[in-house]
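Data first, discussion second: the structure below is written as structure tokens.
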Amino acid sequence: MKNIFVKQENTGELAEPSLKYKESFLEAKKEFQTEGENIYMHLRIDVSDLENNFEKFIKNIKDKEEKAKLAEGFVPQSEFWLVDGNKFIGWVKIRHELNESLLKQGGHIGYAIRPSERKKGNGTRILELALNFVKQLDLSRVLVTCDDDNPGSAKIIESNGGVLENMIENEGKLKRRYWIDIN
Ligand SMILES: CC(C)(COP(=O)(O)OP(=O)(O)OC[C@H]1O[C@@H](n2cnc3c(N)ncnc32)[C@H](O)[C@@H]1OP(=O)(O)O)[C@@H](O)C(=O)NCCC(=O)NCCS
């Protein structure tokens with residue numbers, strides 16, 4: 001898929017994952033680990049694997065956009081990185097459709113900002129830019145969810161037009177389900 005809205009790697013813009021962000025991406029991964037937040041940073045891959053196989057890692061990200069390359073039950077997903085020059089700031093993953101589990105709690109869009117770049121508006125910006133990309137997809141509205149005890153993420157969604165549909169309980173935690181109209 002062509003990402004027409006994605007700007008070049010200048011200040012705080014979304015970019016396609018690329019080798020040029022390798023060093024900064026690895027630093028960010030270590031930051032997430034130090035903060036005990038590995039769950040938010042490509043959990044299943046460790047730093048040394050990434051160091052040695054970064055090109056393959058990028059290719060795997062790209063492959064997730066193509067339905068033909070996905071395992072049964074998975075939906076196509078685009079991933080972009082918020083970058084400033086060659087600096088990696090955060091990632092956003094945009095699912096092109098929902099399956100049963102995503103409709104219940106995962107939603108269309110997930111994101112994370114590296115710990116050292118938080119509370120500077122980057123979370124709000126990454127969702128805003130992701131919503132621009134969504135305009136290319138055949139979707140009239142998107143579901144974005146967050147844990148009830150994640151006030152930063154709830155603010156990000158609400159500032160981007162999120163309307164709370166409901167809260168559901170999952171493994172003892174409440175999850176907020178918001179819809180955002182596209183256009
Ligand atoms: C949640 C997260 C994306 C916020 O990123 P961020 O860059 O700090 O977001 P912003 O700077 O745009 O902040 C948005 C608003 O939330 C507030 N905020 C951010 N973190 C907060 C926190 N921990 N507690 C309370 N408010 C918070 C900001 O002050 C800001 O408020 P304002 O609009 O009134 O100024 C970031 O903390 C993160 O990546 N967390 C781990 C992954 C995660 O939770 N992802 C979301 C899953 S749904």
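Only the coordinates and a few stated rules stand behind these numbers; no lab work does. Model, not experiment: these values are computed from the prediction. Methodologically, a virtual Cβ is constructed for each residue, glycine included, from the backbone with ideal geometry; neighbour enumeration extends over all protein chains shown.
Give me the dipole magnitude in Debye, nearest 20, for the chain about the Cα centre, with unit charges on the beta carbon: positive for Lys and Arg, negative for Asp and Glu.
300 debye
How much mean residue ellipticity at 222 nm does the chain get from its helices, if each DSSP H run of length 4 or more adds -39500 (n - 2.57) and you divide by all residues, to the nearest 500 deg cm²/dmol?
-8000 deg cm²/dmol
Under the classification rounded if a/c is under 1.5, otherwise prolate if a/b is larger than b/c and oblate if not, where does the stretch 8-56 fall, given a ≥ b ≥ c as square roots of the Cα gyration tensor eigenvalues?
oblate
What's log10 of I(q)/I(0) for the chain at q = 0.09, 0.14, 0.15, 0.16 Å⁻¹, Debye sum over Cα points only, no solvent?
-0.30, -0.78, -0.91, -1.05
Check Ile89: other-chain or 5+ apart residues with amide H under 5 Å from its amide H, H built from backbone geometry?
Leu82, Val83, Asp84
Relative contact order of the stretch 13-138, please, whole-number percent, based on alpha carbon pairs below 8 angstrom and at least 6 residues apart.
Rounded, it is 26 percent for the stretch 13-138.
How would Lys119, Lys155 line up from fewest to most surrounding beta-carbon atoms within 10 angstrom?
By the 10 Å Cβ count, ascending, the order reads Lys119, Lys155.
Give the lysines reachable from Lys155 as a straight Cα distance under 29 Å; neighbours fewer than 8 places away on the same chain don't count.
By straight Cα distance, Lys155 reaches Lys7, Lys29, Lys30, Lys64, Lys87, Lys93, Lys104, Lys119, Lys120, Lys135, Lys173, Lys175.
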